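K.L.:
Before anything else, here's the structure in question.
Since every read-out is calculated from the coordinates, none of them should be taken as a lab result. Nothing here was measured: the structure is a model prediction, and the numbers come from that model. Positions of Cβ are backbone-derived with ideal geometry, glycine not excepted, and every protein chain shown enters the neighbour counts.
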Amino acid sequence: MDFLITLTMKEANRHEVAQRLIQGRITEEEARKLLGLKSVRQVRRIKNRVAKEGAKGLAHRNRDRPGNRRLSEVFAKNAVAIVREKYSDFKPTFATEKLLENHHIRIGRETLRKLMIDDGLWKPKPRKQPKGRHVWRARKENYGEMQQFDGSYHHWFEDRGEEACLLLAIDDATGKITKAKFDKNEGITAVFNFWLEYFEVNGFPLSIYLDKFSTYKINHPAATDNKDLLTQFQRAMNQVGINPISAHSPEAKGRVERMFETLQDRLVKELRLAGISAIGEANEFLKTYIPKFNEQFAVAPSKQADLHRRTTKELKVKLSQIFSVHSQRKVNNDYTILFKNKFFQLLEEQAVTVYKKDTVTVEENLNGEIKISCKDIYLAYLELPERPEKIIDVRLSALTAYKSGYVPPAGHPWRGNKYLNKKVCPSAMPITTASK
């Protein structure tokens, strides 16, 4: 019975030279040169094999034989069965890691990819054709030189919970996740709390790379941002010596954008496996998940210096004032201030001279506390429970450190009536220039 023998180009060339040698048309030395071999002995082996077996003798001995390292059929079926049951929507690389981590099954990534393709669990993606040359920006040299920051609204808990926002900071030099936190939105309170926690652990980076407008204004319907959030963020960061850099496109801060793509694949599945469906539980989970993630994916920086500045005692005291929402308001004719539909009555005696129509700064701390300052001095005030009686003009030209002879009309908060039982915010220490 004849068999069809398929030879490679190299094997076909050897067969032709071996035939000429057997027929005596060339010598063994000439055959050695034609085949590019180092020894005449190799030529003799080829000649003898062709003379004995024909063209089949030139085929590799392992052709059509099962590989010595081939997985057993039982092992392969068991691995695919586990993937189908527990990790059916996992990508091959992630599924390989979970098989080893949770089931102690060691299998090659590409081997599992082929098994998943054969089983219909994974559909191979066509290679992307390059659209054009793209020059990547080089990483920063030192850890702490730049943090890329963004927030991602996503169904992190799938159908087990509501949509949440993951606030994320990664180091540009190492790709390390330096801080991650789930919150309800990407509003000013969430962002300020995020960075205060970051400073407590890591210190102050040199710069922060973030969205220009979309992240901090109307990026998402659930966001509770005010119109000047970016200004608030820039002001606070400038006060602590951090340079906020606005990216002109998502591609400009591509490292944090690609990190979100990875986490939306991996972290979502990890939260599912852990049975987590709430923000509080998820933040606790991140405390152990992020170090493992960084160990696997972070890279070494080109230089070893850590450029984070540590928090000084003086600056730490001022952080709550710096990371407050600062709003400008005018002093009314009756020395009241309207802020968020609430009226605040300035007391008659102040540590600094306050005139009608003066511009004051209202600081709303993250804990809800309200402070009012003028010319870098905190003012004493009391919050009125209701809208005060309209007074056309209080015949007092200014509030000073001394009690004047002015007699306020009946019912005025200065007359020592029912408002005396309200909590009074006394004048505080002057705000230093560094914490303005």
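K.L.:
Each residue of segment 6-21 in order: what ³J(HN,Hα) in whole Hz does its phi give by Karplus 6.51 cos²θ - 1.76 cosθ + 1.60, θ = phi - 60°, with x for Gly and Pro?
P.N.:
3J(HN,Hα) across segment 6-21, in whole Hz: 9, 10, 6, 4, 5, 5, 5, 5, 5, 5, 5, 5, 5, 5, 5, 5.
K.L.:
Mind pulling the angle between the C-alpha long axis of helix 254-274 and the longest principal axis of the chain? Nearest 10 degrees, somewhere in 0 to 90.
P.N.:
80
K.L.:
Which entry is the computed Cα Rg over 2.2 N^0.38 Å for this structure: [x] 0.94; [y] 1.89; [z] 1.66?
P.N.:
[z]
K.L.:
When the chain is modelled as a GNM with alpha-carbon springs shorter than 10 Å, which of L121, L168, L267 fluctuates the most?
P.N.:
L121
K.L.:
Report, for segment 147-297, the % of DSSP beta bridges that are antiparallel, rounded to 5.
P.N.:
Expressed as a percentage, antiparallel bridges in segment 147-297 total about 65.
K.L.:
Next question, about the same structure. Note the direction-averaged projected area, equal to a quarter of the hull surface, for the Cα convex hull of segment 274-376, in nm².
P.N.:
In nm², the orientation-averaged hull projection of segment 274-376 is 12.1.
K.L.:
With springs only between Cα atoms under 10 Å apart, run a GNM on the chain and tell me which of Q264, Q350, Q19 wobbles the most.
P.N.:
Q19
K.L.:
Using a Gaussian network for the chain with springs between C-alpha atoms less than 10 Å apart, which of these wobbles most: A173, A298, A31?
P.N.:
Maximum among the listed residues: A31.
K.L.:
Related question: Taking the Kirkwood radius as the inverse of the mean 1/r across Cα pairs, report the Rg/Rh of segment 73-119.
P.N.:
Radius of gyration over Kirkwood radius for segment 73-119 works out to 0.89.
K.L.:
If contacts are Cα pairs under 8 angstrom and at least 6 residues apart, what is the relative contact order of the chain in percent?
P.N.:
For the chain, the relative contact order is 11 percent.
K.L.:
With a 10 Å radius around each residue's Cβ, average the other Cβ atoms per peptide and rank 371-382, 86-97, highest first.
P.N.:
371-382, 86-97
K.L.:
Further question on the same structure: How charged is the neighbourhood of T27? Take every other residue with its Cβ under 11 Å from the Cβ of T27, and add Lys/Arg as +1 and Asp/Glu as -1.
P.N.:
+1
K.L.:
Too long at a 20 Å Cα-Cα cut-off: which of K10/K33; K212/K303; K140/K181; K98/K253?
P.N.:
Among K10/K33; K212/K303; K140/K181; K98/K253, the Cα-Cα distance tops 20 Å for K212/K303; K140/K181; K98/K253.
K.L.:
Separate question: DSSP loop (so not H, G, I, E, B), at most 10 other Cβ within 10 Å: list which chymotrypsin sites (Phe, Trp or Tyr not before Pro) in segment 95-171 pass both filters.
P.N.:
Hits after loop and neighbour filter: W136.
K.L.:
While we're here: Give me the percent of DSSP beta bridges within the chain that run antiparallel, rounded to the nearest 5.
P.N.:
Just about 80 percent of them are antiparallel.
K.L.:
Would you mind putting 187-196, 42-51, 283-292 in packing order, based on average other-beta-carbon counts within 10 Å, highest first?
P.N.:
Top of the packing list down: 187-196, 42-51, 283-292.
K.L.:
Which order do R309, R415 fall in if you start with the one that has the fewest other Cβ atoms within 10 Å?
P.N.:
Listing R309, R415 from fewest to most nearby Cβ atoms yields R415, R309.
K.L.:
Turning to a different aspect of this structure: Taking the Cα centre of each part, how many Å lie between segment 263-287 and segment 113-173?
P.N.:
Between the Cα centre of segment 263-287 and that of segment 113-173, the gap is 16 Å.
K.L.:
Oh, and also: What GluC sites (Glu not before Pro) does segment 134-169 have in DSSP loop regions with at most 15 other beta carbons within 10 Å?
P.N.:
E141, E162, E163
K.L.:
Please give the contour-minus-distance gain from I82 to H103: 0.36 nm per residue of separation, less the Cα-Cα distance, rounded to one decimal in nm.
P.N.:
Between I82 and H103, full extension yields 6.7 nm more.
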